[in-house]
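Values quoted throughout were computed directly from the atomic coordinates according to the rules given, and no laboratory measurement underlies them. What you see is a predicted model, and the numbers here were worked out from it, not measured in a lab. Reconstructed Cβ throughout: ideal geometry from the backbone, glycine too, with neighbour counts over all protein chains shown.
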Amino acid sequence: MNYEYKNVILKVDNVSLKLGKNQILKDVNVEIRDVVRPGYTTGQIIGFLAPSGMGKTKFFECLAGIRKPDTGTILIGEDLQPTKIGRVGVVQQNYPLFMNKTVYGNMRVAASGFKNKTERNDRIDDVLTKFGLVDKKGFYPAQLSGGQKQRAAIAQQILCANNFLLMDEPFSGLDVNMIKEVSDLIKEVAHMHELNTIIIVSHDIHSTVAISDTIWMMGRDRTADTNNIIPGAKIKYKYNLMERDLAWKDNVETHPEFNKLINEIKGEFPTL
Ligand SMILES: Nc1ncnc2c1ncn2[C@@H]1O[C@H](COP(=O)(O)OP(=O)(O)OP(=O)(O)O)[C@@H](O)[C@H]1O
Ligand SMILES: [Mg+2]
């Protein structure tokens, strides 16, 4: 497949985190470059996979600027500035919305960065149309279905973020149809703009591999002599799905290489 790597847009250098006596992350290093495909607007979907309890959410919080790691740096965006709250869109587990505000009210909060009122309202209308939520404008979150709530939460983050969208376990608690719907939506959002980058943190190997262009596996090292676990998650493996011809494909699950990759990952991480 014809593609090219351009500028670095996310750089994680030696990030470590301890909570109490617990070493959660140890020397996490990640570098992500913009990917360009001639003739296409190609955003990017990056999946971070690891078994439950490995430290994905804590790492996610560091990427989002919600949590400061003990050591290391995280630079994000075309201009590679330190991450901080508000620089990236964050969709946390369970898709939180302001419960006392309508869908429209939630969008307005998210779009408060727009100085021009007409521009802001146009942008909100545009996003609500794209996400099929126009007729739900006046509804409160409690009056929405799970899928609608999810779409509203993603729409909200698209309004306030510039290109980067982080999602923690976007598939958890969803049935098969909803997983397909959310996956399609994530792909659509990724390819709306060349620099759009969606980072998914998940333990759902199948859904994550199906929509990602690159997979970063997190895990722990073991001591050579006694085979004991060394505390602290780091990046253990990286899989480039573009190289394997598994990126930008409809029904990628039916591709023989897809199952090969799933089995390869499961071979390394039987608990996934
Ligand atoms: N305040 C704390 N003090 C010490 N350890 C903590 C604290 N909070 C969380 N942990 C530990 O941090 C580890 C990583 O938690 P995290 O929520 O990041 O895991 P996760 O990979 O996102 O798991 P899941 O897939 O279940 O969401 C867990 O093993 C947890 O026990
Ligand atoms: Mg988690």
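Could you work out how far the C-alpha centroid of region 1-57 sits from that of region 224-246, in angstrom?
If you average the Cα positions of each part, the centres end up 13 Å apart.
Calculate one ³J(HN,Hα) per residue across region 58-65 by plugging θ = phi - 60° into the Karplus curve 6.51 cos²θ - 1.76 cosθ + 1.60, and present them in order as whole Hz with x for glycine and proline.
For region 58-65, the Karplus curve yields 5, 5, 4, 5, 5, 4, 7, x Hz.
Is it possible to state the helix-based mean residue ellipticity at 222 nm for the chain, with each DSSP H run of 4+ residues giving -39500 (n - 2.57), the sum divided by total residues, to the nearest 500 deg cm²/dmol? What is it?
Details: 7 runs with 81 residues, N = 272.
Roughly -9000 deg cm²/dmol at 222 nm, from the helical runs in the chain.
Could you point to the residue in VAL36, VAL127, ASN240 farthest towards the positive end of the chain's charge dipole, with +1 and -1 charges on the Cβ of Lys/Arg and Asp/Glu respectively?
My answer, from the dipole projection, is VAL127.
For the chain, what is Rg from Cα atoms divided by 2.2 N^0.38 Å, rounded to two decimals?
Against the empirical 2.2 N^0.38 Å value, I get 1.02 for the chain.
Tell me, LYS136, LYS117, LYS18 in order of fewest to most beta-carbon neighbours within 10 Å?
Least to most surrounded, the residues fall as LYS117, LYS18, LYS136.
In the structure shown, do any of LYS11/LYS187; LYS21/LYS68; LYS26/LYS260; LYS187/LYS236; LYS68/LYS187; LYS6/LYS236 have a Cα-Cα gap over 19 Å, and if so which? Before the final figure, lay out each step's value.
Working: LYS11/LYS187 23 Å; LYS21/LYS68 17 Å; LYS26/LYS260 30 Å; LYS187/LYS236 26 Å; LYS68/LYS187 29 Å; LYS6/LYS236 24 Å.
With Cα atoms farther than 19 Å apart: LYS11/LYS187; LYS26/LYS260; LYS187/LYS236; LYS68/LYS187; LYS6/LYS236.
Leaving out same-chain residues fewer than 8 places away, which lysines sit with a Cα under 18 Å from that of LYS117?
Hits, sequence-local ones excluded: LYS137.
Charges at C-beta only: +1 for Lys and Arg, -1 for Asp and Glu. How large is the resulting dipole of the chain about its Cα centre, in Debye rounded to 20?
Working: 35 positive and 32 negative charges, 199 e Å.
Value, rounded to 20: 960 debye.
For region 192-272, I need the span (max minus min coordinate) of the C-alpha atoms along each principal axis, in Å, sorted largest to smallest.
47, 30, 21
Is region 110-217 rounded, prolate or oblate when judged by the Cα gyration tensor, a ≥ b ≥ c being the square roots of its eigenvalues, rounded requiring a/c under 1.5 and prolate requiring a/b larger than b/c?
oblate
Considering amide H positions built from the backbone, and no H for Pro or chain starts, which residues 5 or more places from THR214, or on another chain, come under 5 Å of its amide H?
It is ILE45, GLY47, LEU241, by chain and number.
Tell me, what ³J(HN,Hα) does each residue in region 189-195 have, in order and in whole Hz, if you take phi through Karplus 6.51 cos²θ - 1.76 cosθ + 1.60 with θ = phi - 60° and put x for Gly and Pro?
Karplus-based 3J(HN,Hα) across region 189-195 equals 4, 4, 8, 6, 8, 3, 9 Hz.
How big is Rg to Rh over region 6-104, alpha-carbon atoms, Rh as the Kirkwood inverse-mean-distance radius?
For region 6-104, the value is 1.02.
Taking a ≥ b ≥ c as the square roots of the eigenvalues of the Cα gyration tensor of region 96-160, is the shape rounded (a/c under 1.5), prolate (a/b larger than b/c) or oblate?
prolate
Under 10 Å, Cα contacts only: if you run a Gaussian network model on the chain, which one of SER112, SER202, SER16 comes out with the highest mean-square fluctuation?
SER112
Compute the distance from the alpha-carbon center of region 100-136 to that of region 141-194, in whole Å.
15 Å
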